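The values are calculated or read from the model by the stated rules, or taken from the named source; none is laboratory data. Keep in mind that what you see is a predicted model, and the values were worked out from it rather than measured. So basically every Cβ, Gly included, is an ideal-geometry build from the backbone, and we count neighbours across all protein chains shown. Just the protein is used for accessible areas: all its heavy atoms, side chains included, with ligands, DNA and RNA removed. Shrake-Rupley method; radii C 1.70, N 1.55, O 1.52, S 1.80 Å.
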Amino acid sequence: MTDDQSGATRGDSERALRQQLDRLWVRQALRSVLIEDRGGLDATARVILRAVERLGPVRSTVVAELTGLSRPVVSRRVTSLVAAGHLASTTDPGDGRASLLEVAPAGQRLLDVLDAHGDEVFDELIEVFPDDDLRALSALLARLNDRADEVLGATVRSR
């Protein structure tokens, strides 16, 4: 049974979508590598720094939960990011045994450089698409992300 005038079945459409999303994810990984090279951060450190930027002040356990990274990995990376001056760690006023993480000024400067480079790459990527196409794609991706949140039960708080 076909679902549209072209003769494609629902299964064909789903396969085509999966293939295109796979291509997009690979390209996003390549884009991340290009950006990381400019900032000197590995992907894990960048994910943690971005999470703290979005959520901070925040405990490292929350960063681990929301990023899907293991607590030991987050702990090691946080230690190195604090030592490098990218993150600041302070005592949690609600629980003196715990620490809260925030992006330090040097970390914010690095994120700003990464954002600028990422914006340049993104602008070049989308410059050939009309505004209507960008709005339509954005709306469809928002719906897909909202559905993923429902199905996966994973919502990332934004600031």
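Numbers at a glance
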| item | result |
| --- | --- |
| LEU134 vs. criteria open to solvent by less than 60 Å² (accessible area, probe 1.4 Å) and within 16 Å of THR44 (Cβ to Cβ) | no |
| Pairs, first closer than 21 Å to ALA84 by Cα in region 109-124, second at pLDDT 85 or above, C-beta under 8 Å, six or more apart | LEU110/LEU49; LEU110/HIS86; LEU111/LEU49; LEU111/ARG50; LEU111/GLU53; LEU111/VAL103; LEU114/ARG46 |
| Among residues of region 137-150, those that are within 30 Å of VAL78 (Cβ to Cβ) and open to solvent by 50 Å² or more (accessible area, probe 1.4 Å), counted | 2 |
| Residue identified as open to solvent by 90 Å² or more (accessible area, probe 1.4 Å), modelled with pLDDT under 90 and either within 22 Å of LEU141 (Cβ to Cβ) or not in a helix (DSSP H, G or I) (or both) among GLN28, GLN19, GLN5 | GLN5 |
